[in-house]
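Inspection log for the structure reproduced underneath, given as C-alpha cells.
Where a number appears in this text, it was derived from the coordinates with a stated rule and is not lab data. As the structure is a prediction and not an experimental result, all values here were calculated from the model. Here Cβ is always computed from backbone atoms with ideal geometry, including for glycine, and neighbour counts include all displayed protein chains.
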Amino acid sequence: MKMDKITLGAVNTEPGSSLNYKTGSWRTMKPVLTPENCIFCNMCWQYCPDSAIEPADPKTKKPIVIDYDYCKGCGICVQECLANKNTNLKDALAMVPEEK
C-alpha cells in the first residue's frame, strides 16, 4: 500500500487550530478568581491543560486572567494554586457552579 493512500488519523495538520474551537460551553463548574488574593505564582497558568489562563505579572501586580471561552472547568488551576495551598493565605481561586 502506498503512503499517499493512507488516511491520516489522530494527527493535527493545522497547528494552532484549537483557537478556532471555543470549548467553554462544556463545563458545569468554573474557576473564579478573587484578584486581591492572587500571589502571582502562576502555578494555575503552568498547569492549565487548555491554556485558558493568561499569566499574572508579579512586577505590575496584575493577577491572572481566565479565558472562559476555552476553560473546560477541570479545576486543576484551583488544586495547584499556591494561595489555596497555604493555610495562612485566603483562597485566590474557587470552583463555582456555572450559571446558565
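Taking Lys and Arg as +1 and Asp and Glu as -1, the other residues whose beta-carbon sits under 9 Å from that of GLY73 total +2.
I need the trypsin sites (Lys or Arg not before Pro) found in the range 17-60, filtered to DSSP loop residues with at most 10 other beta carbons within 10 Å of theirs. Intermediate values should be presented prior to the final figure.
Numbers: sites: LYS22, ARG27, LYS59; in loops: LYS22, ARG27, LYS59.
Counting only loop positions with at most 10 other Cβ atoms within 10 Å, the trypsin sites (Lys or Arg not before Pro) in the range 17-60 are LYS59.
Could you compute the net charge surrounding ALA52? Neighbours are other residues with a C-beta less than 12 Å from the C-beta of ALA52; K and R count +1, D and E count -1. Result for the neighbourhood of ALA52: 0. With q set to 0.28 Å⁻¹, the log10 of I(q)/I(0) for the range 37-100, from the Debye formula over equal scatterers at the Cα positions, is -1.31.
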